[in-house]
Every structure is written in structure tokens, then in C-alpha cells.
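J.: Starting off with a structure, shown below.
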Amino acid sequence: MADVISYREAVAEGIAREMRRDPAVVCLGEDIGAAGGVFKTTVGLRAEFGPGRVWDTPISEQAIVGAAMGAAMTGMRPVAEIMFSDFLACCWDYLANEIPKVRYMTGGQVTVPLVVRTANGGGLGFGAQHSQATENWAFTVPGLKIAAPATPADVIGMMAAAIRSDDPVVFFEHKGLLATKGEPPPPDHVVELGHAAVVREGADVTLVALASMVPVALKAADVLAGEGIGAEVVDLRCLVPLDMSTVLASLGRTSRLVTVEENPYQGGWGATLVSVVADEGFALLDAPVRRVAGECVPLPFADVLEEEVIPTVDKVVAAVRGLAAY
Amino acid sequence: MDPAELLAAYEQMTIIRRTEKAAHDLFLQGLVKGTTHLAAGHEAIAVGASAALRPGDYVFATYRGHHHAMARGATPEECLAELMSRATGLCRAKGGSMHLTKASTGMLGSYAIVGAHLPMAAGAAWSAKLRGTEQIAVAFFGDGATNIGAFHEALNLAAVWKLPVLFVCENNLYMEYTPIADVTAVPRPAADRAPAYGIPGEVVDGNDVVAVQEAVARLAGRARAGDGPALLEAQTYRHFGHSRADPAAYRPAEEVERWLKHDPLDLARGRLAELGVPEAVVTEAAERATSLVHKAVEAAKAGPEPDPREAMTDVWADGGAAWRT
């Protein structure tokens, strides 16, 4: 393998590793075959595994996810692609009503081991219907596991965990990270779902971030370090299971908390996270919590407008400065 | 069907009819909560289709699915216990009337979002094709589902992927409370859509268990041979309203009378007589069914309520429900 791998290559590599080890893993989605995916995240899969395991579908999101569900219930481990996460709304019945409920409402009779992969988030100027960060939609539904990796190594490790999971996983691949590069992980690299990573240590404030917001938080931490403020950055990696123990442990070291979310403030995952901190970690806090999140508007088109709406390094730095002085 | 098979089908239909009547009565006694969507009148479709299927085949049903669950191996006691919220219920009282499921027999669930299970059935058929088994999948659905997007997406996918799946429409003439003809662009809501997907679309008398068995056997054989999906529109009628709160007063008396005279149990009895099965033998089968359901009601009533802690199990494959570490 090459010395470095891009996030987009890591998606295909992560899937390929699982397809090699388990013949029950099959892929389906729009343009994923010979075309290699509109984001080139499935390049090489059709060539290696053939049309019998990598299936192009019509533009039929309900059929894609519904068929994946039926296949998962009957012995396969399907990996379904929904091209842009905005389009999850087209098959929301399956994500909100069918997949996450069937195990429960059948009294545990049925298992649905599937992965729904989707390209999430803004930053690329795709406009309001192709740019949303929608992981918070899935976060409102009991019964879905939610993965949102920030690095190529985590893409591969978390893809392995997601595909091997006996539970349904919605796997958010961030469009803004596709071109980023990192070290390729060793063979059989698995990152268990529900384990956050402390990706930078610091003593003054904890920044909790997800996916595209992890590099934003890291850059903010660099700026803050120049001002003598030590920011610890926690990459949440997953929303379900939510690793509150790592967050609370970090807060025990720093006593200040900022969540950095791309999704809109209203109903964002940070609200749940800080409510758990209020319930269980209030005594750890020396300052109010702050949430840096997307504005409650559809994502606009122009760069200057998009930057106004989603969190930036400057916005994170400003929020932390206010807290450090508290 | 030979006489023995037809007698067994008649007995099974009678068990289902008696169970539905019991569910209705238990509801009036306050022992069944929520709602029920009874399938009295539709028995020949579930039983006829099942008679044409193999044990390993997959079945997906709707919220009106008691008959399919029982035709595919769920006992009246399990079903009634589920309706009465007992721990001994088919889904351990977590599903209820609209979600009867018996995965061990391939009865992969009853789904209460109209049309949602059609893509799932296509997926189960896809899985069978991928694994190289000779299984097929069957999705039973109502006429109302034919106007849902998932119906069309499932048909197209099944057709282009040539999946071994049968889509069986139970056309009981009413989309809940509204005549299907008032809200549908074609006269035969399922069969008339089949040509748009390049697959066979057939109509069958859904109250004639033999006709259903023959049609499903033929289309299932085709699917097993790799010739792809088909649509079967089985015309039938509900004896009760849409759900428990519906007295079905919107249906013309003449129409109701005509259909009640075309009862699946009576039709089966007529066919048994034609085959020379003595009436006493048929009556005995009916009495066995009545007795079985009577015992099932008593046994289901005696079942314990679920442990409240069960509310926090079965979300995840490890049996738990924890969303955080």
C-alpha cells in the first residue's frame, strides 16, 4: 500500500477489506459500479468483486435501503450507498420506521446487519439540497448506530466495525474531508464503534467535534495555543453509541466545554451531549458550556454565505476565548 | 389440490376465521388494546399461497397480517397472546396486532407503513439469488399500497434485477375507507401496473383457495426458475371494516351481501363436496378448528404480562438498548 491514503480511497479500501474476508458483504447504490461512485468512493470494487457483489441501482432510494434491509434480514451484510445525505429524506421511512424498529417490535427475532453509507455536510458549495449535515436526523431515532469518521484510518477501521456490526449503522462520510490524506492503517484495523479519541491534549478547555469539525477544532487549538490556551480536542467518531465517558474524563481535566457541530444548533447532537454533562458532570464545570453549531437556515450557495452559516476556526476560537476569560 | 390438501386448507382457513372472530370478541371485552385489522374474508389468499410455497420461502405482510402469520406457522395461541399483551405472545408483546412475525418459519414480519415491505421482499429475494438458494419471497399487500412510491420502486428493482419475488395484492376494493377505484387511475390497481415493469400481472379470485394456490404455484415456479418477479391481484372482500373502529357503513348493502355469499370457507366446502369428501368429514375439520381456537383463547388469557424491564431490551443485537457508553 501507498504511504498515504486519501479519505475517499479509504472508503473503498475499508469496504474492500471486508468484502475480501466475508462473502456475505455486498454493495448496492446509484453509480457505485463501473463509475466508482460520484465521489469516487467505490473505485475498484466492481473490478475486484464483480457485478455479482457490487450492484448498480436505479435512482430509487426507498428500493435501495428497503432491499438492503430485506437482504440483511436473510443472511447478507449489505452496504448501501445513499449518494448525498440530504437524500436520506427520500428513504426516511426505512431509517426511522423500519430498520431501527424491526428487532424491537419482533421481540428480538430479526437482526438487520446493514450499513447505509452517505456523503454528508457542506463546504463544497453544492447548495441547500446537497450540503446539509444530517447526522442529527439519525440521532433522533432509537435503534440506529451512527458513525462519522474524520480521518482515513478511522474510515477504514470504523467501516470494518460497521460492516461487522450485527446492528444497523448509518455511516456518514464527509464530503469536505474526501481529499484529505493520512497514513493507511495496518491490515485488520478495526475501530470499535462508540470509542471517542482524544486527538490533542490540553489542560484548559475541551473541544468536542465530529467529522469535518475535527480539523476545524484542531486548527482552532493551534491558534489558541499561540495565546497560551491549551485546548483538548475530542473526536467523537460516533453519535451512537455516544462515548460520554471520554467526554466526562476530558472535562475532568479541563473544566470547560465547547461542542463544535456542523449540523444546525436546533436539535443538534451537542444539545444532548451538554445535557448529559449538566446531569452528570456539572460539578466538573468551571464555566458555562458553549455550542458552536450551524445556523438554523438552509445551507446557502456562495462560499462567503456558507462560511457565515457553518462553524469556522475563527468562530471556535472566539467561543473559547470568551470561556477562558470566564 | 388433492382432497387431503384441500381439507387441510379448509381447516386452516377455518382456524384463521375463528381466531379473527375471537380477536374481535376479545377486543369488545377490553382484552385487546390498540387496534386490530381483521382479515376475515381474506383467508384463501394466505392459505392458498402458503400451500404453494416451500418451508424456506420468505413472507412479508402488512398490518392486516394475522392470516399470513397463521398460514405461515404462527399458532392462534401465540397470535392471540400477542394481541392480549402477554409475555407468551409471538413478539413477546412488543409488536401487537400490526407486527405479527415468526422469523423461524420465514414469516419475516408485518409492517404498518403502507407499502414499506415491498422493497424488503425484493431484498430478501435478492439475498436468495446471491446465496444461490431456490427460495422465493412473497409480499402480501393491500390495494391501497399500489399508489405508494415504494410499490413502484420495488417492482422496477425486482424486474431489472430479475428477482425471485411475488407481489400479491389483496384487493378488497377499499383503501381504508375509500373505494380504491375512486383514487386509482387504472381499474385493476395491481395487475394493470405490471406491464409498465415488463412483468406478468394476473388476476385471481382471492376467495377461491384452489385458484390462489394454482396461480401462486405457477408464478413461484417461474420465479424459482430465474424468470423474475410477478404481480398477482387477488380479488377479495373484508368481512369487517378497515380497523376496529370502522363499522364499514360506507359499503353498499348489495355489495356486502354479494361478497358474503362468495365466502372463501363456503367455496372450499363446495369444492370438497365436488371432490367427494363426505360432509361429516368437513364438519369434523371445522369442529377441530373451533375447539383449537377455543383452547388457544383460554391459554392466551392465562399467559403472564411481560416484565416491565423488557421495555429496555431488544433494540440491539446484544439484547440491550444502551445508546451511550
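The values are calculated or read from the model by the stated rules, or taken from the named source; none is laboratory data. In this text the structure is predicted, and so the values were computed from the model without any measurement. When we count neighbours, we look across all protein chains shown, and the Cβ atoms used for this are built from the backbone with ideal geometry, even at glycine. For accessibility, only protein heavy atoms count, side chains too; no ligands or nucleic acids. Shrake-Rupley method; radii C 1.70, N 1.55, O 1.52, S 1.80 Å.
J.: Looking at the structure I just gave you, is A:R200 open to solvent by 10 Å² or more (accessible area, probe 1.4 Å) and more than 14 Å from chain B (Cβ to nearest Cβ)?
T.: Answer is yes for this residue.
J.: Tell me, which residue of region A:104-113 that is within 7 Å of chain B (Cβ to nearest Cβ) and touching a residue at least 12 places away in the same chain (Cβ under 8 Å) is least open to solvent (accessible area, probe 1.4 Å)? It would help to see each step written out before you state the result.
T.: The initial filter retains those residues of region A:104-113 that are within 7 Å of chain B (Cβ to nearest Cβ), namely A:104-111.
Okay, now just the ones that are also touching a residue at least 12 places away in the same chain (Cβ under 8 Å), so A:104, A:110-111.
Details: A:Y104: 68, A:V110: 4, A:T111: 46 Å².
In this case the residue turns out to be A:V110.
J.: Return the residue satisfying two criteria in turn: it lies in region B:291-325 and is of a type in the set (G, A, S) and within 14 Å of chain A (Cβ to nearest Cβ), and of such residues it is most open to solvent (accessible area, probe 1.4 Å). Steps first, answer last, please.
T.: Our first condition is that a residue be of a type in the set (G, A, S); within region B:291-325, this holds for B:291, B:296, B:299-300, B:302-303, B:311, B:317, B:319-322.
In the following step, the residues that additionally are within 14 Å of chain A (Cβ to nearest Cβ) were identified as B:303, B:311, B:317, B:319-322.
Working: B:G303: 10, B:A311: 52, B:A317: 40, B:G319: 26, B:G320: 22, B:A321: 26, B:A322: 69 Å².
For region B:291-325, the residue satisfying everything is B:A322.
J.: Filter region A:224-249 down to residues that are in a helix (DSSP H, G or I) and away from chain B (no Cβ under 14 Å) and give me whichever is least open to solvent (accessible area, probe 1.4 Å). It would help to see each step written out before you state the result.
T.: Of all residues in region A:224-249, those in a helix (DSSP H, G or I) come to A:224-226, A:244-249.
Narrowing the set further to residues that are away from chain B (no Cβ under 14 Å) leaves A:224-226.
Details: A:L224: 0, A:A225: 50, A:G226: 73 Å².
Per the stated criteria, the residue is A:L224.
J.: Here's another thing I want to ask about it. Could you check region A:221-244 and list, in sequence order, the residues that are of a type in the set (V, I, T) and more than 30 Å from A:V170 (Cα to Cα)?
T.: Scanning region A:221-244 gives A:V223, A:I229.
J.: In region A:135-158, which residues are out of contact with any Phe, Trp or Tyr (no Cβ under 7 Å at 6 or more places or on another chain), open to solvent by less than 30 Å² (accessible area, probe 1.4 Å), of a type in the set (V, I, T) and closer than 26 Å to A:R200 by Cα?
T.: A:I156
J.: Moving on to the next point. Would you point out which residue out of B:A196, B:A191 is over 23 Å from A:T57 (Cα atoms), among the small types (G, A, S) and away from chain A (no Cβ under 12 Å)?
T.: Being over 23 Å from A:T57 (Cα atoms), among the small types (G, A, S) and away from chain A (no Cβ under 12 Å) holds for just one of B:A196, B:A191, which is B:A191.
J.: Of everything in region A:253-272, what is under 17 Å from A:V141 (Cβ atoms), in a helix (DSSP H, G or I) and of a type outside the set (A, V, I, L, M, F, W, C)? Give them in sequence order.
T.: Within region A:253-272, A:T272 is the sole residue that qualifies.
Residue by residue, here is whether (1) within 10 Å of chain B (Cβ to nearest Cβ); (2) touching a strand residue (DSSP E or B) at 6+ places or on another chain (Cβ under 8 Å); (3) open to solvent by 10 Å² or more (accessible area, probe 1.4 Å) holds:
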position: A:A63; (1), (2), (3): yes, no, no
position: A:G70; (1), (2), (3): yes, yes, no
position: A:P78; (1), (2), (3): yes, yes, no
position: A:F84; (1), (2), (3): no, yes, yes
position: A:L88; (1), (2), (3): no, yes, no
position: A:D93; (1), (2), (3): yes, no, yes
position: A:N97; (1), (2), (3): yes, no, yes
position: A:V102; (1), (2), (3): yes, yes, no
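J.: Name the residues in region B:95-121 that are part of a strand (DSSP E or B), within 7 Å of chain A (Cβ to nearest Cβ) and among the aliphatic types (A, V, I, L, M), would you?
T.: Correct list: B:L108 only.
J.: Sort out for me the strands (runs of 3 or more DSSP E) sitting completely within region A:7-93 that have 2 or more residues that are more than 23 Å from the chain's Cα centre (by Cα) and not small (G, A, S).
T.: A:54-56
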